[in-house]
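None of the figures in this text is laboratory data; all of them are computed from the coordinates on show. These numbers were taken from a predicted model, which means no experiment stands behind them. Using ideal geometry, Cβ is built from the backbone for each residue, glycine included, and neighbour counts are taken over all protein chains shown.
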Amino acid sequence: MTHLEAAIILAIIAAFSLKLKFLDFKGVIASIAIGYVIIVFGGLNYFAILLAFFIISSIVTRLRVKAVGELYIDKDWIRGWRNVLANGLAPTLAILIPRILSCDERIMAAGYLGAVGTAFADTLATEIGLFYRGKPRLITSLEKVEKGTPGAVSPYGYLGCIIALIILGALAWILGAASPKLALMLIPAGVIGTTIDSLLGAGIQGKYKCRECGRIVENPHHCGQQAQYLSGLTWINTHMVNLISTILGALILAALTALL
Ligand SMILES: [Zn+2]
């Protein structure tokens, strides 16, 4: 893959992302930077895996907004550069660091899939979880909470998580980026990564109470105004939680691959 071919592919995808409003302008710029590094240092098959995550997540978000509305998650929160980096930085590092250190290709593939798998599983868990008719439970205390509460889990959420990991593992195997064994090991690694995400969400993530709708939210702004601080660390927002859990997802699958 030449640099020119990579640039042409990214320009076409960037144009579609803007046209379909999957990303805002800064989100597109961040995506191009990430996509470029992954195509050049990883390969087109690695990039296709990340692209599948991005397209499927964007479509599922759109379907969820149609079905249950935007009440719980701010869409501008999803389209911006911060969300792109929160989900894309760990996969990028998972390609770059093994290349710099001249690691085994298997370890690079494992780290990359662990990171993308955790990001995809967590995204689909959140989106499919919003279709759950009952109230989700907080992963730490198991008490029933409102949908959208950081650290809330539900059976639908875990179903979404498993579906995401099966899709991604199968795709990675078809594209020659993963052995059947790695594709299978992706499932427990991704479930652990997503569970860590929920634990961090319930435990240390900053939480706020909206003065307008009264919901406990992860965004300091809700319903068009500043929300009241409730608990957690203010510098640990949902993006920071995603970044930490995708890095851990990468390390877990890389370690499993090195050991087994
Ligand atoms: Zn509100």
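Descriptive notes on the structure:
- Computed from Cα atoms, the angle from the helix 238-259 axis to the main principal axis of the chain rounds to 40 degrees.
- Calculated mean residue ellipticity at 222 nm for the chain: -23000 deg cm²/dmol, from DSSP H runs with n ≥ 4 weighted as -39500 (n - 2.57), summed, divided by the residue count and rounded to 500.
- For ILE8, ILE95, the sequence from fewest to most other C-beta atoms within 10 Å is ILE8, ILE95.
- Local electrostatic count at LEU20 - Lys and Arg +1, Asp and Glu -1, tallied over other residues with Cβ under 11 Å: +4
- Beta bridges per DSSP, both residues in the chain: antiparallel share near 90 percent.
- With at most 13 other Cβ atoms within 10 Å, longest stretch of the chain clear of loop GluC sites (Glu not before Pro) (DSSP): 71-142
- Within-14-Å neighbourhood charge of GLY201 [Cβ basis; K, R +1; D, E -1]: -1
- For LYS26, the aspartates and glutamates whose Cα comes closer than 14 Å to its Cα, not counting residues fewer than 8 places off in the same chain, are ASP76.
- Per the Cα gyration tensor, segment 5-160 maps to an equivalent ellipsoid with semi-axes of 30, 20, 11 Å, ordered largest to smallest.
- Exposure proxy for HIS221, HIS3, HIS239: other Cβ atoms within 10 Å of each Cβ, ordered fewest to most, give HIS3, HIS221, HIS239.
- Each 5 Å bin from zero holds the following percent of Cα-Cα pairs in the chain: 1, 7, 13, 18, 20, 17, 12, 7, 4, 1, 0.
- Among the trypsin sites (Lys or Arg not before Pro) found in segment 174-226, those both in a DSSP coil and sparsely packed, with 16 or fewer other Cβ atoms within 10 Å of their Cβ, are ARG211.
- Ranked TYR208, TYR156, TYR112, criterion: other C-beta atoms within 10 Å, fewest first: TYR156, TYR208, TYR112
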